[in-house]
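One structure is given here, and the rest of the page talks about it.
The values are calculated or read from the model by the stated rules, or taken from the named source; none is laboratory data. A quick note: this is a predicted structure, and the numbers were derived from the prediction, not measured. Cβ: placed from backbone, ideal geometry, glycine included. Neighbour counts: every protein chain shown.
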Amino acid sequence: MKRKFHFTVIIFIVAIAVLNACRHELPDPDNNGGGTGGGGNPPPTSNCNPDTVYFVNQVMPLISSNCTMSGCHDNITHADGVNLTTYSRIMEYVVAGNAANSKLYKVIIKTNGDRMPPPPMPAFTSAQKALIQKWINQGAKNNSCIGSCDTAVFTYSGAIKPMMDAKCTGCHNPTNLGGNIDVSTYNAVKIIALNGKLYGSVAHLTGYSPMPKNSAKLSDCEIRQVQKWISAGSLNN
């Protein structure tokens, strides 16, 4: 009886060891280090078509900047159970081809306290709402393209402000000072341009918090525009 007991214990220990040796962490299909989900950014299909809205280039930066900051719909907080950090998760609230029946679109066009982003945060502009509406109605594709960025254009009004408005201001404005940083005005952007935080963050340099968060890194051209604007004196031009 004693021998049988010992034999049973040995078998049990071996079985546990085998199970532990075969255990693997299951990968999160959305955990790709980027902001688009489903295996990373899709390869650009072509040069950007002005009649097409591209998820990676235009939609994801807007959602990341205005919806996935800490305390809202990021990976950690996922307020109300909503996580908008990847394409696949965003699509849980989108009916491809039908913006009018898509929860994502309906909440951003509301005019009362139920709108997203919620007050006192700035609402999406009319142009931004129209962009998301058009993307959904075009099929809500996980698409990207090669932009028409031109490093010869590096003025504040022509390059820096549009870049900040589309990809950064939602997280960094007076009512939502992510990292205690504001990029909603020229004077605010100039401060972080002069202290090195702007270039260090967008270029993902060591020692700086990489920006934009939960979205694709700025293109090499955009980073070069920021660098050239700073080198030229960070002018309000």
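Quick look at the numbers
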{"quantity": "Residues of the stretch 211-235 satisfying the condition of being more than 24 Å from residue 55 (Cβ to Cβ) and either in a loop (DSSP other than H, G, I, E, B) or touching a strand residue (DSSP E or B) at 6+ places or on another chain (Cβ under 9 Å) (or both)", "calculated": "232, 233, 234, 235"}
{"quantity": "Some residue of the stretch 145-162 being under 22 Å from residue 49 (Cα atoms), within 17 Å of the chain's Cα centre (by Cα) and not assigned by TED's automatic domain parsing to the domain that holds residue 90", "calculated": "yes"}
{"quantity": "Residue match in the stretch 67-86 (condition: of a type in the set (Val, Ile, Thr) and modelled with pLDDT under 50)", "calculated": "no"}
{"quantity": "Residue match in the stretch 161-180 (condition: aliphatic (A, V, I, L, M), under 19 Å from residue 128 (Cα atoms) and touching a residue at least 60 places away in the same chain (Cβ under 8 Å))", "calculated": "yes"}
{"quantity": "Every residue from the stretch 156-210 that is of a type in the set (Gly, Ala, Ser), in a helix (DSSP H, G or I) and at negative phi", "calculated": "157, 158, 159, 166, 178, 188, 193, 200, 201"}
{"quantity": "Residue count for the stretch 106-141, restricted to those that are under 27 Å from residue 219 (Cβ atoms) and either assigned to a helix (DSSP H, G or I) or modelled with pLDDT of 95 or more (or both)", "calculated": "17"}
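Results for (1) under 18 Å from residue 215 (Cα atoms); (2) among the hydrophobic types (A, V, I, L, M, F, W, C), shown as yes or no for each residue.
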position	(1), (2)
130	no, yes
137	no, no
141	yes, no
152	no, yes
156	no, no
166	yes, yes
170	yes, no
180	no, no
188	no, yes
